[in-house]
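Peer 1: Below are the structure tokens for one structure; questions will follow.
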Amino acid sequence: VDLCPRHPAGIVSLGDPNNREEPMHDANEGELIARAEEDPEAFGELYRIYVDRIFNYHYRHTSNRDVAEDLTSRTFYRALRSLHRYRDKKGATFQSWLFRIAHNLVVNWYRNTSRHPKVSTDRLGALPADHGNPHQIVEETELHQRMLSMIQELPEDRKTLILLKYVERMTNAEIGEVLNRTEGAIKALYYRTLQSLRVAVAEGE
């Protein structure tokens, strides 16, 4: 299995179904995972399904394509090496398990390079569609840009939560698995994040 991504299609936009893999039925994915311990082709299929998403996750954190490709390769090497330890349980889906490996590698990258965490919100969401009232389009575009600016100012863990919830469409339990927090802690963090964004919007900041 070639674990070196070669220039994936780019950062995936929120709500862009053309750049997302169709969700796999849990039973089918479970069969692939079971086979992947012995069958390279099965692991290659898992790689194909998740590689762009893992690359995008790393790219949003590092803003460097070469670093993102290296971290993506290491994510899948580590996953392949540890696959026999994966167990499907509540919250610990395969995607959350894989993203937790990716997240830990990013944390180590920050630590080793003495960088401060900085998650890019580039293309977090698509701009309003080009139809309808021009004045409405302008207002929606301005609000969209304001929201992205406010999200960019959030602490790293809150930005990561937003990305996992709205880009990767993970449940609170899955996000808790990635960030090594309880589901309750994720719900509380999510509530506080939304409240702070609502206040910022209301105050026009």
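The values are calculated or read from the model by the stated rules, or taken from the named source; none is laboratory data. It should be emphasised that the depicted structure is a prediction, and the values quoted were computed from it without experimental measurement. Just the protein is used for accessible areas: all its heavy atoms, side chains included, with ligands, DNA and RNA removed. Shrake-Rupley method; radii C 1.70, N 1.55, O 1.52, S 1.80 Å.
Peer 1: Ignoring ligands and nucleic acids, what accessible area does TYR166 show with a 1.4 Å probe (Å², nearest 10)?
Peer 2: 90
Peer 1: Could you order VAL201, VAL167 by accessible surface area, starting with the largest, using a probe radius of 1.4 Å?
Peer 2: Numbers: VAL201 55, VAL167 5 Å².
Highest to lowest solvent-accessible surface, that is VAL201, VAL167.
Peer 1: Enumerate the amide H contacts of ALA92 below 5 Å, restricted to partners 5 or more residues apart or on another chain; note that Pro and chain-start residues carry no placed amide H.
Peer 2: Placed amide hydrogens put nothing under 5 Å from ALA92.
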